[in-house]
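Structure first, then comments.
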Amino acid sequence: MKLRKRYLIFLVNSPMTFSSSEVEEAIKRELERCFGERCLALSGIELISYDERTGIGVLRCYHAYLEYARAALALVSDIKGTPIALYTLKVTGTKKKAIRIMHSLNLNKGLIKL
């Protein structure tokens, strides 16, 4: 079975800003807590890009573990005690398109309504 990659574009909704390492660690922690170490290891989950200013990021995982990654994003509730919500905005199959979508989203123009 070929392991195809999927890229999740997500939004961090929080009153504070967080570094990319803090966001990645929170997602991986939640994936491991809910689905175990095996799922974490086999999912190939990795934070590809994250813009601290807008709170938009790109997360990579293998296609067979896409639903696990989406669930982990939805289940993250805090980082270092600060309430947080993560929303999956879009899923794509190429890194180039994921980065392009990430840069095209602009929260200041009201394109994303929560």
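The values are calculated or read from the model by the stated rules, or taken from the named source; none is laboratory data. Predicted model only: the values in this text are computed from it and were never measured. Note that we place each Cβ from the backbone using ideal geometry, even for glycine, and neighbour counts take in every protein chain shown.
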Looking across region 68-114 at residues that are in contact with a helix residue (DSSP H, G or I) (Cβ under 8 Å, 6 or more places away or on another chain) and among the basic types (K, R), the single one that is modelled with the lowest pLDDT is K80
Expected single match for over 19 Å from K5 (Cα atoms) and of a type in the set (A, V, I, L, M, F, W, C) among M16, M102 is M16
Listed by range, helices (runs of 4 or more DSSP H) wholly within region 5-109 having at least 1 residues that are of a type in the set (D, E) are 20-43, 66-75
Taking region 67-81 and keeping only residues that are surrounded by fewer than 18 Cβ atoms within 10 Å (Cβ to Cβ) and either over 20 Å from M16 (Cβ atoms) or charged (D, E, K, R) (or both), one is left with E67, A71, D78, K80
